[in-house]
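The values are calculated or read from the model by the stated rules, or taken from the named source; none is laboratory data. Quantities reported herein were computed from a predicted structural model and do not represent experimental measurements. Backbone-built Cβ (ideal geometry, glycine too); neighbour counts: all protein chains shown. Quick note on the areas: whole protein, heavy atoms, side chains included, nothing else; ligands and nucleic acids left out. Shrake-Rupley method; radii C 1.70, N 1.55, O 1.52, S 1.80 Å.
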Amino acid sequence: MTALRQKLLRDLRVLWTQAVAISLVIACGVATFVMSVSVLQSLERRAAQYYEDARLPHVFAHLKRAPVSIARRVAEVPGVAAVETRVVAEVTLDLPGVIEPAVGRLVSIPDRGGPSLSRLHLRQGRWPDPGRRSEVLANEAFAEAHGLVPGDRLRAVMNGRREQLIVVGIALSPEYVYQIRGGDVVPDDRRFGVLWMRDRPLAAAFDLANACNDVVVAVTPGASLPAVRAQIDVLLAPYGGRGAYGREDQVSYRTVANELSQLRAMALLVPVIFLLVAAFILNLVLNRMIATQREQIATLKAFGYRRREIAAHYLQFALLIVLAGAALGTAVGAWLGTGLADLYVRFFRFPDQHYSVGLGVAASALGISLLAGVLSVAMAIRRVVRLAPAEAMRPEAPRPFRGGFLHSHGSVGRLSPLARLTLRQIARHPVRAVLSTLGIALGIAVMVLGSFSADLVDRIMEDHFEATQRFDFSIGFIEPSDVGTLQAVARLPGVLRAEGFRSVAVRLRRGSHARLTSLLGLEADSGLLRPIDVKGDPIPFPTSGLLLSEKLAQLLEVNPGQTVEVEVLEGARPVRALRVAGTVRDFAGQAAYLTRGELNDFLREGAVISGAFALTDPLREAALYAKIKETPRIGGITSTRSLIQSFKRLMSENMLRMRLFNMIFASIIAFGVVYNAARITLSERAWELATLRVIGLSRREVSATLLGEIAALTVLAIPVGALLGNLLARLTVRALETETQHFPLVIDPSTYATAILTVVAATVISSLVVRRRIDRLDLVAVLKSHD
Amino acid sequence: MPPDAPPPPEDRAASTAQAAPVFVARGVTRTFRSGATEVHALRGIDLELYAGEFVVLLGPSGSGKSTLLNILGGLDVPTSGSVRFRDHDLTSWDDAALTHYRREHVGFVFQFYNLMPTLTARENVAVVTDIARDPMSPEEALRRVGLGDHLDRFPAELSGGEQQRVAIARSIAKRPDVLLCDEPTGALDVKTGITVLEVIERLNRELGTTTVIITHNAVIAAMADRVITLSDGRIASLQCNPARASAASLVW
Ligand SMILES: Nc1ncnc2c1ncn2[C@@H]1O[C@H](COP(=O)(O)OP(=O)(O)OP(=O)(O)O)[C@@H](O)[C@H]1O
Ligand SMILES: [Mg+2]
């Protein structure tokens, strides 16, 4: 082994704690990168593959009723490749042993074979027998939530009649990768499930024999989707068409796409920030480490070592550290990725659940960290290698030290000698002080970035469920009913308060922008669903005009005071321009409100409601459920409590786990920065400190001069770090934004506090370690080896 | 003799001296600038050094001895003037060429030793022998300076004088053409000082290594072919010894 290689190993051994700290920082950056990107890639790959293989339709249209022959006419539309007509109906389900009712969406499949579009993937059991009218396939998410297996029975109130259904198989559909009911914010697999039934019995049950109420279409490659949709709208309008929409408005597709785009943002942004921070710290540490070896480098040069050879030496040093970090990070990232992928599998149902870390991901993680290592070394060593050896061998010329404010300012004179020494030390190396401060500040910033997402979730929960959606149950009627029905709802067991609402499918249009949504008519004094303004305060309901979600208003490019064209997609399908009275904050970005009276007038109907919101006595829930199950006019019931539970389950497993990882990583990064800063300061000043000790200063006093500097820099870093963290969080919130979702920037003071405390703790621990080193400083050795 | 006049060849007493000078310095100055002040470390040096010559450089502290040695060794470049090594102009060389020059021809002993703290004595010597063309083994070099028993000690485990001897072993191990020593015996007692000088002397005699030694110890001057005294950046005197004293005969 050459002497230089030997030196490399010895240096590594001497600096092993620092090397490990840097390796860990790099490992953290690489792990988040590998985890996020590999999960993202495998999800993206699976989603695209599944949609393709299972032929997810391109256009979806609901209608009231059309003869099945409509399929032929739709097929003639230019660009249409395949058409399938279906019967889709929602029913109240009664599961044995489950007290709460669930909403079942029954979707018809052809009497023979499976559907040609939205092909089902049979996971268990068999296809329903065409001859038996009660056999169904259950969607896997729903089946799992209730532990349903082939052979289980459940009861449904179908079109007012009670029917017994037998689950004969468990299936997956590309339309329900994410099983969520339109209009809901979060999935609730216990309360909502999709079932597939043969066409003939389902159509018969809903008086739709030889007819359909749902059309799905696949188009030929290159077809113009807007043109196809427009023509389908024309064809279906006479049959009560609710407006054809594309994949981007299909709930499951949109949710998966949103989730992927958010994951993409997170997968790039956070790890890139982590990696950049790691690179910065690597650079900081190497710079100072190489500066302390300035004389050694000069000596090597004096003996005729070439720049290239010296650079290679330090490069090997850095690359060993980087490689160790990258390898560890890739392994940890892959392991965490498996966990994360498992979580996604619980919400996104793909037939192929295989997760793997692509070679490309691992290679790019390695590439990025190696690049960071090479750049760090190049930057750090360039200056030193350029110096003529005679010059480099002399200690770096002390910057001409002028007292500046430290001398002239009277108040400094009153400081203790120690404080003065500390301040001078910082003032003497301003660049170094700034960089160290920045490094510690980045530790705080990364902590804030790693944990603020939970604050965001809390805020969304608060906005949605506490400020806006204040009811316990939303009850939907099968047919719109007279407001008098509200009395019946109010008399249901346990109902404390009930408010009616009218809801109708509409298309909002302004200029070239159009969106499908549902328009909700609320009582002017509505207390159970209360729109809130952008600041989070309840908005007094306007006497006339629309309240639109801020995001929806942005999409339509409409401001309060201007009008939008509202086309109702049900009944007589009236069209009218309505004034926008104001905008509201809303998580899903889809809300549109009007007073119930104005909506009734618009629909040219009497005082009619589609359902009711209810506040209930939790103790009497069972009685309420029992009553609802036997009330045929109720088409479905949504429980807020259950939604919150489901949401919390989702968040606690998903977000909180991510938050935990991020916090662990951020703490390691913070520790890595502080520990290295302290250690390097020690090695730079060891000679000076040993001299002070020899002169007669006590250990305590000597430690204080060094630790004072570290403490001062940490104090400086706190506000800077909080500010940087805020900026990074702002950047992330921006990146998370999707077409419909908008997130406020919320960082709880406790998040800042945790970040700051963690970094302070890292500082204290590092200081203790360094302090121990100072105590054990071998004075003679230090003074002797000052070369 | 005026300091700027080259010495007549017949004045040189060294038996190994040859006619061709190894180094020719002409009007060499070196100015350091620190802030607003300028330090003139060398103010115009004219000098020839001949192959196989043993030269001692004397002069008060700050007179420019180390600066001159650094320039001869290619560690530093003059502010003005020229330095020729054999047929080449050192001042026209770039960093790569100077590096090559140091690697192939020069052995150094630094005033502050400059040992690698994380390498043992043996390894410190190996740093140089690893890249030399025809080196002696690190063990042999260390044995020659009397450190055969301390091969595996780290610098922090060696006394100042022992460290200095490691530095000397390191400089002679590659059998350089030119050996430049900045106070090689500064930290040594008489006995070891003489041992070390003997090693240097032997290398000079056996291989014809052109040797320049800076020292504050005027006794050592007796070993030299020529003694050059610097003062305030100029050559104050240049004296030839009719006969070189052997290192063993020195007393101080
Ligand atoms: N890099 C430098 N920057 C500024 N001044 C320098 C530098 N190197 C040397 N000097 C100055 O040049 C002058 C000559 O220095 P040099 O080291 O050559 O002296 P020296 O004769 O070797 O002294 P000593 O016997 O004390 O080692 C001194 O005044 C020194 O302060
Ligand atoms: Mg000197």
Alpha carbon convex hull of region B:94-192, volume per residue in cubic angstrom: 97
With a 1.4 Å probe and every protein chain left in place, tell me how much accessible area B:Met136 has, in Å² to the nearest 10. 10
Scan around A:Gly114 for amide H atoms under 5 Å from its own, H built in the peptide plane at 1.01 Å from N, and keep only partners 5 or more places away or cross-chain. none
When the C-alpha atoms of chain B are aligned to their principal axes, what extent does each axis show, in angstrom, from largest down? 48, 43, 33
If each part is reduced to its alpha-carbon centroid, region A:468-497 and region A:530-570 end up apart, in Å, by 25
Measure of size requested: the Rg and Dmax of region A:226-283, with Cα atoms as the atom set and Å as the unit; please supply both. 21.4, 69
Name the residues of region B:151-170 whose accessible area falls by at least 40 Å² when all protein chains are present instead of the chain alone, probe 1.4 Å? B:Ala156
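Between B:Glu157 and B:Asn217, what length in nm is gained on full extension when 0.36 nm per residue of separation is reduced by their alpha carbon distance?
Gain in length upon complete extension: 18.9 nm.
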Contact surface B-A: accessible area buried, both sides summed, square angstrom, 1.4 angstrom probe: 2600
Pairwise label distance in nanometres, A:Ala753 with B:Phe32, each label 7 Å out on the Cα-Cβ vector: 5.6
For chain A, taking Cα atoms only, what is the radius of gyration to one decimal and the Dmax to the nearest whole Å? 33.4, 103
Can you pull the Kirkwood radius for region A:283-357, inverse mean 1/r over Cα pairs, to one decimal in Å? 16.0
Compute the separation of the alpha-carbon centres of region B:138-204 and region B:229-252 and state it in Å as a whole number. 21
Cα-based radius of gyration of region A:60-253 once divided by 2.2 N^0.38 Å, which approximates compact folds: 1.01
Using a basic spin-label model with each label point 7 Å from the Cα along Cα→Cβ, how many nm lie between B:Ser92 and A:Leu276? 5.0
With every protein chain in place, the accessible area of A:Ser667 for a 1.4 Å probe, in Å² rounded to the nearest 10, comes to 40
Taking the chain alone as reference and the full protein assembly as comparison, with a 1.4 Å probe on protein heavy atoms only, the residues of region A:1-27 that lose at least 10 Å² of accessible area are A:Thr2, A:Ala3, A:Gln6, A:Lys7, A:Arg10, A:Asp11, A:Val14
Which order do A:Arg459, A:Arg46, B:Arg133, A:Arg633 take when ranked by solvent-accessible area (1.4 Å probe, heavy atoms of all protein chains), largest first? B:Arg133, A:Arg633, A:Arg459, A:Arg46
Lysines within cross-link reach of A:Lys7: Cα-Cα under 29 Å, excluding same-chain residues under 8 positions apart? A:Lys301, A:Lys784, B:Lys174
Cβ-Cβ FRET estimate between A:Arg491 and A:Arg153, R0 fixed at 35 Å, reported to 0.05: 0.65
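Can you tell me the dipole magnitude for chain A around its Cα centre, using point charges on the Cβ only (Lys, Arg +1; Asp, Glu -1), in Debye to the nearest 20?
Charge dipole, chain A, about its Cα centre: 3040 debye, nearest 20.
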Ordering B:Arg30, A:Arg685, A:Arg55 from largest to smallest accessible area (1.4 angstrom probe), what's the sequence? A:Arg55, B:Arg30, A:Arg685
Cα centroids of region A:314-355 and region A:3-56: how far apart, whole angstrom? 6
Per residue, how large is the accessible surface of the protein assembly as shown? Use a 1.4 angstrom probe and give square angstrom. 41
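With r as the distance between the Cβ atoms of A:Trp687 and A:Ala312 and R0 = 22 Å, compute the FRET efficiency 1/(1 + (r/R0)^6) and round to 0.05.
For R0 = 22 Å, the calculated efficiency reads 0.15.
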Mean Kyte-Doolittle hydropathy of 1.0 or higher plus an axial Cα length of 27 Å or more: which whole DSSP H helices in chain A meet both? A:251-292, A:359-386, A:430-461, A:699-736
Computed accessible area, A:Leu728, all protein chains, 1.4 angstrom probe, square angstrom: 30
Roughly how many percent of the accessible protein surface of region A:92-131 is carbon and sulfur, given a 1.4 Å probe and a whole-percent answer? 49
Pairs over 31 Å Cα to Cα, from A:Lys535/A:Lys627; A:Lys627/A:Lys648; A:Lys64/A:Lys535; A:Lys551/A:Lys627; A:Lys64/A:Lys648; A:Lys535/A:Lys629, come to A:Lys535/A:Lys627; A:Lys64/A:Lys535; A:Lys551/A:Lys627; A:Lys64/A:Lys648; A:Lys535/A:Lys629
Separation between the B:Arg202 and A:Asp525 pseudo-spin-labels, each 7 Å from Cα along Cα→Cβ, expressed in nm? 11.4
